[in-house]
Amino acid sequence: MRAAVYYGAGDVRVEEVPAPRPAAGELLLEVLAVGICGTDAGQFAHGPSMFPVDRRHPHSGHLGPLVPGHELAGRVVDMGDGVEGFAAGEVVACAGTVWCGTCRRCHAGRTNLCERAWSVGLHRNGGLAELCAVPAKSCAPVAPYGLTADAAALAQPMAIAAHAAGRGKPATGEHALVLGVGGVGTFITWVLAQADITTTVCDLDPARLAVAKTLGAAAALQAERGGLVTALSELPVPPDVIYEVTGSEEGLAAAVAMVGAGGRVVVVGHQHGLEPPVNWLQFALHELTVIGTQALVCPTDLPEALRLLAARPASWADLAPTALPLDRLVDDGLAPLAKGCPAQIKTLVDPRAERPRATRMEHMGTPVGEVE
């Protein structure tokens, strides 16, 4: 099969590689659409720090060049031993996460903090290929939600957003601020809007702000680089909870400076090698709470992500209008994203396409209320 193979920083090659076979408990998917994100772009620009190219991963066992792609949707073409609840030919969304189910964090329901966690596309070959073997427990059929495969490929980042939004514990009557409305920030905006949380968004890009407004943001503030605090000074009241999604030192400093007394700052974004200074006095004097968020809890966050995607009456094509072929992955996908100038909010890839194609994001006709 054809696959995009990561060898190191700046070195991703489209090659013929052996097709995978599903192990026990796994599905073999014909990959229909796969997203790339800041993690993929960061590894392309600065890695390998996460991809186990030089050192064997202790839990996945992978060592060597790796096929990225952890945000995928595909059609089931084969199943390993012991798989139940799936049928050949059905389309599934895959979160890619693997957890042991036996450690103390798993027993507490926090499978994202599993002591032996790993992910397809990050620690073992993933979805930037024509075929991908994935754990069945990290997948969910999409037909009950009326989603296309392209829309289903947005489920993993939507699940990240749903988990992050919940970590901030927004309550009715509170005001939330989202700093940075790229892929995950845009989805957090939708999650908060669906929970009737009054939300302001802030970004450098007016086009992204316009999309966030269509997703339910009550107000949008455009900032200039280096002028984030100035832009946020227009807020009528200090936010109760701020979701910092830019991963920048300026963003985190602005979040700490502008959150209301007794408020929460959820640190969602992060950048390679960045270690921003922390003003602990600010936290002490204003009784602030800083909250981390890590990945997603697949058994709960993936179904919720599919529900949230299906809840939007309009198409999601405004976030991802085009799917790229593998041959355009680097030039039109990873490289622009690594430079901070992607052509669209969410970049999708169709491993079987020969040229860029328009995405299909329309609903397939199943009412959301019928999903159990």
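The values are calculated or read from the model by the stated rules, or taken from the named source; none is laboratory data. Keep in mind that what you see is a predicted model, and the values were worked out from it rather than measured. Counting neighbours? That spans all protein chains shown, and the Cβs are built from the backbone with ideal geometry, glycine included. With ligands, DNA and RNA removed, areas are computed over all heavy atoms of the protein, side chains included. Shrake-Rupley method; radii C 1.70, N 1.55, O 1.52, S 1.80 Å.
Could you please let me know if P239 is in a loop (DSSP other than H, G, I, E, B) and surrounded by 21 or more Cβ atoms within 10 Å (Cβ to Cβ)? The answer is yes for P239.
R307 meets each of the listed conditions (1) surrounded by 14 or more Cβ atoms within 10 Å (Cβ to Cβ); (2) in a helix (DSSP H, G or I); (3) modelled with pLDDT under 95; (4) not β-branched (V, I, T) apart from (3).
Scan segment 24-53 residue by residue and report those that are of a type in the set (G, A, S), part of a loop (DSSP other than H, G, I, E, B) and open to solvent by 50 Å² or more (accessible area, probe 1.4 Å).
Filtering segment 24-53 for residues of a type in the set (G, A, S) gives 24-25, 33, 35, 38, 41-42, 45, 47, 49.
Still in the list and also part of a loop (DSSP other than H, G, I, E, B): 24-25, 47, 49.
Matches in segment 24-53: A24, S49.
For segment 12-20, the criterion of being crowded, with 20+ Cβ neighbours inside 10 Å, within 22 Å of the chain's Cα centre (by Cα) and in contact (Cβ under 8 Å) with a residue 40 or more places away in the chain is satisfied by at least one residue.
Being open to solvent by 60 Å² or more (accessible area, probe 1.4 Å) and touching a strand residue (DSSP E or B) at 6+ places or on another chain (Cβ under 8 Å) is a property that V290 has.
Under the condition of being under 18 Å from the mean Cα position of the chain (by Cα) and assigned to a loop (DSSP other than H, G, I, E, B), which residue from segment 76-96 is farthest from Y145 (Cα to Cα)?
Only one residue fits best here, namely G96.
Just one of the numbered conditions (1) surrounded by 16 or more Cβ atoms within 10 Å (Cβ to Cβ); (2) over 17 Å from the mean Cα position of the chain (by Cα); (3) acidic (D, E) is not true of E115: (1).
How about segment 163-182: which of its residues are more than 16 Å from Q294 (Cα to Cα) and either buried (at least 24 other Cβ atoms within 10 Å of the Cβ) or not acidic (D, E) (or both)? Give the derivation first.
Initially, segment 163-182 is screened for residues more than 16 Å from Q294 (Cα to Cα), giving 170-182.
Result: P170, A171, T172, G173, H175, A176, L177, V178, L179, G180, V181, G182.
Filtering segment 212-236 to residues that are within 26 Å of L302 (Cα to Cα) and surrounded by fewer than 20 Cβ atoms within 10 Å (Cβ to Cβ) leaves K213, T214, G216.
Of the numbered criteria (1) under 16 Å from G182 (Cα atoms); (2) surrounded by 17 or more Cβ atoms within 10 Å (Cβ to Cβ); (3) not basic (K, R), the one V259 fails is (1). Applying a threshold of 6 Å to beta carbon distances and a minimum spacing of six or more residues, or different chains, the list of pairs starting in segment 21-45 at a residue that is closer than 15 Å to V120 by Cβ and ending at one that is polar (S, T, N, Q) reads I36/T347. Taken together, the residues in segment 120-149 that are open to solvent by 20 Å² or more (accessible area, probe 1.4 Å) and part of a strand (DSSP E or B) amount to 3.
Can we say E244 is among the acidic types (D, E) and within 28 Å of A152 (Cα to Cα)? Against the criterion (among the acidic types (D, E) and within 28 Å of A152 (Cα to Cα)), E244 qualifies. Tell me, please, whether a residue that is in a helix (DSSP H, G or I), under 24 Å from A343 (Cα atoms) and out of contact with any Ser or Thr (no Cβ under 7 Å at 6 or more places or on another chain) can be found in segment 165-178. Looking through segment 165-178, none of the residues is in a helix (DSSP H, G or I), under 24 Å from A343 (Cα atoms) and out of contact with any Ser or Thr (no Cβ under 7 Å at 6 or more places or on another chain). Which of the residues that make up segment 97-112 are of a type in the set (A, V, I, L, M, F, W, C) and within 23 Å of the chain's Cα centre (by Cα)? Listed by number, the residues that qualify are V98, W99, C100, C106.
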